[in-house]
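Everything below concerns the one structure shown next.
Since every read-out is calculated from the coordinates, none of them should be taken as a lab result. These figures come from a predicted structure and were not determined experimentally. Heads up, the Cβs are rebuilt from the backbone with ideal geometry, glycines too, and the neighbour counts pull from every protein chain shown.
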Amino acid sequence: MTTCSIPTAAELRALFAAHGIRPSRARGQNFLVDAALMRRIAEEAKLDRRDVALEVGAGTGGLTGCLAEAAGAVVAVEVDRRLHALAKERLAGLPNVRLIHSDALGPGAALAPEVREAVAAAMDSISKARLKVVANLPYSVSTAVISALLLQGPVPCEMVVTVQREVAERICAAPGTEAYGYLSVIVQATARTQVLRRVSPGAFWPQPEVESSILRVRPDAELRAAAGDLEKLRQVAGDLFRHRRKQAARSLLMAGRVKDREAAARLLAEIGATEADRCEQFTVAQFIRLAKLLS
């Protein structure tokens, strides 16, 4: 394989067999082997030499090579030391790639310090740099990575990522739907979202048991400013969705957010809701208003 080649499923099987590697289900290791889709992901990010591309879950470096062709710099993160070694060998000829052997997440549900430092260094090396996250995110960390970037930064100007289809549906869900929840509120309070296309299990090796989606998440400065204290919003939404089937007044009481039902009723009236409503019916704007009132 050449440095920037996109390995097929047969090539990956042979490569893994030669190195005694088996994909880890616990780590969500399902490798995208559809070359057209991989290039579609890179193209959707519209990378140019101003961009620093952050890739979480580099695998053997197939997508990394595509990103390096267009971006000014690529920071690729791989937690599996065996895959990191393979990717390092395959990407050795690409001077604009920094490959990190690390977990993407560190203490406090934030990006790991070494990842943040590598991104900061890459941004400093490019004039007027833009950060974009482009990745086939491992299923096991996809929601945590997206949340960490939106809530704690560094906030990218755009994310184009492959995630489990159910995760994409939750992120884009409307109030009152089954998929609507904590993740919907956090992402929609800070960003514009769009599902670009569904991806069948056959595009991966090994094939997962679920479909995936290519998702665009575009953080919006005006939305972030209107949302106010994001940590407070995270706490309030998390508290209420832990009791999503309860009536809103009961949920507030169970979460310790109010002292009695009368206080709950007054608070809910302030956001245009009633005691009998459930939090899964609240709009993102109502959650934001509620978080501000509880501050």
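Annotations
- Taking each residue as 0.36 nm, the span from Ala285 to Lys246 lengthens on full extension beyond its C-alpha to C-alpha distance by 12.0 nm.
- Per-residue Karplus couplings for the stretch 71-78, computed as 6.51 cos²θ - 1.76 cosθ + 1.60 with θ equal to phi - 60°, are listed in order as 7, x, 8, 10, 10, 10, 10, 9 Hz, Gly and Pro entered as x.
- Under 5 Å, built H, 5+ apart or other chain: amide partners of Leu137: Thr162
- With respect to the chain, whose longest principal axis is taken over its alpha-carbon atoms, helix 9-19 is tilted by about 70°.
- Two-site FRET efficiency, Arg13 against Asp220, from Cβ-Cβ distance with R₀ of 41 Å, rounded to 0.05: 0.45
- Net charge over other residues, Cβ less than 15 angstrom from the Cβ of Gly176 (K, R count +1; D, E count -1): 0
- Relative contact order [Cα under 8 Å, 6+ residues apart], the chain, whole percent: 15 percent
- Using a Gaussian network model of the chain in which every pair of alpha carbons under 10 angstrom is joined by a spring, one finds that among Glu262, Glu114, Glu78 the greatest mean-square fluctuation is at Glu262.
- Per residue, the convex hull spanned by the Cα atoms of the chain measures out at 124 cubic angstrom.
- Prolate/oblate/rounded call for the stretch 47-200, Cα gyration tensor, a/c under 1.5 rounded: prolate
- Residue-count net charge about Ala248 - beta-carbon cut-off 9 Å; Lys, Arg +1, Asp, Glu -1: +1
- Here the label points at Ala179 and Ala120, each 7 Å from Cα along the C-beta direction, are separated by 3.7 nm in the simple model.
- Summarising the amide proton neighbourhood of Leu196: residues at separation of 5 or more, or on other chains, whose placed amide H is nearer than 5 Å comprise Ile214, Leu215, Arg216.
- Placing a label point 7 Å from the Cα of Arg50 along the Cα-to-Cβ direction, the residues of the stretch 121-135 whose backbone N falls under 16 Å from that point are 123-133.
- For the stretch 159-295, the equivalent ellipsoid derived from the alpha-carbon gyration tensor has semi-axes of 32, 17, 11 Å in decreasing order.
- Debye log10 I(q)/I(0) at q = 0.18, 0.20, 0.21, 0.25 Å⁻¹ for the stretch 74-161, Cα point scatterers: -0.83, -1.03, -1.13, -1.51
- Near the amide H of Glu158, within less than 5 Å, lie the amide hydrogens of Val133, all on another chain or at least 5 residues away, with H placed in the peptide plane.
- Distance between the 7 Å Cα→Cβ label points at Leu196 and Ala263: 4.8 nm.
- Highest mean packing comes first when the peptides 171-179, 183-191, 120-128 are listed by Cβ atoms within 10 Å, giving 183-191, 171-179, 120-128.
- When both bridge partners sit in the chain, DSSP labels roughly 45% of those beta bridges antiparallel.
- Each residue of the stretch 231-248 is assigned a 3J(HN,Hα), and the resulting list reads 5, 5, 4, 4, 5, 5, 4, x, 4, 6, 6, 5, 10, 5, 8, 7, 5, 4 Hz, derived from the Karplus form 6.51 cos²θ - 1.76 cosθ + 1.60 (θ = phi - 60°), x at Gly and Pro.
- Prolate/oblate/rounded call for the stretch 228-294, Cα gyration tensor, a/c under 1.5 rounded: rounded
- Residues in the stretch 206-236 that a label on Arg25 would reach, taking backbone N under 18 Å of a point 7 Å out along Cα→Cβ: 206-212
- Hz values of 3J(HN,Hα) by residue in the stretch 150-155 - Karplus curve (6.51, -1.76, 1.60), Gly and Pro given as x: 6, 8, 10, x, x, 7
- Partner lysines for Lys128 [C-alpha distance under 27 Å; skip if fewer than 8 residues away on the same chain]: Lys46
- Per-residue ellipticity at 222 nm computed for the chain from its helices equals -12500 deg cm²/dmol, with DSSP H segments shorter than 4 residues left out and the rest contributing -39,500 (n - 2.57).
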